[in-house]
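Report on the structure given below.
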Amino acid sequence: QVQLVESGGGLATAGGSLTLSCAASGSIFRLNAIGWYRQAPGKERELVATTDSGGNTHYADSVKGRFTISSINALRTVYLQMNNLKPEDTAAYYCNAQIVAPPSMHYSDYWGQGTQVTVSS
């Protein structure tokens, strides 16, 4: 059974910083990519940043230059350093990973439970 557990959300003021972390555990045969999505009230879930086993990273235009994604332990732990936060960054942030795990042994999407980030002006 695969689990993604996020931590690090909370309250920040505009211009401040927060760091999110996500730890993947369980019967993981292969982890191809891991990253962060967010969903604000009344809006669709959107990609924030991802990184993959090739070391490639991808960012939403809205966070480029402010957020940095990094990982350790073969993508098993991923961080999102968020600087110069804006009120529009307020959302629930979800960790997502593409993992091969038993019994399917095919790539599947796994999601964490989410962590709330609230930025006040």
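Some observations on this one:
- Residue check for Ile34: among the hydrophobic types (A, V, I, L, M, F, W, C), more than 15 Å from the chain's Cα centre (by Cα) and buried (at least 16 other Cβ atoms within 10 Å of the Cβ): no
- Condition check for Ala40: open to solvent by 50 Å² or more (accessible area, probe 1.4 Å) and hydrophobic (A, V, I, L, M, F, W, C): no
- Given (1) crowded, with 16+ Cβ neighbours inside 10 Å; (2) modelled with pLDDT of 95 or more, number of the condition Ser25 does not satisfy: (1)
- You will find that of Tyr59, Tyr37, the residue that is touching a residue at least 24 places away in the same chain (Cβ under 8 Å) and not acidic (Asp, Glu) is Tyr37 and no other.
- If the condition is being open to solvent by less than 60 Å² (accessible area, probe 1.4 Å), part of a loop (DSSP other than H, G, I, E, B) and closer than 14 Å to Gln1 by Cα, then segment 96-121 contributes Ala101, Ser104, Gly112.
- When Ala97, Ala101 are checked against the criterion of being touching a residue at least 24 places away in the same chain (Cβ under 8 Å), within 23 Å of Gly55 (Cβ to Cβ) and more than 18 Å from the chain's Cα centre (by Cα), a single residue qualifies: Ala101.
- From Thr68, Thr19, Thr90, Thr77, residue being open to solvent by 50 Å² or more (accessible area, probe 1.4 Å), out of contact with any Gly (no Cβ under 8 Å at 6 or more places or on another chain), among the hydroxyl-bearing types (Ser, Thr, Tyr) and at pLDDT 95 or above: Thr68
The values are calculated or read from the model by the stated rules, or taken from the named source; none is laboratory data. As the structure is a prediction and not an experimental result, all values here were calculated from the model. Cβ: placed from backbone, ideal geometry, glycine included. Neighbour counts: every protein chain shown. Please note that ligands, DNA and RNA were not included when accessible areas were found on the heavy atoms of the full protein model with its side chains. Shrake-Rupley method; radii C 1.70, N 1.55, O 1.52, S 1.80 Å.
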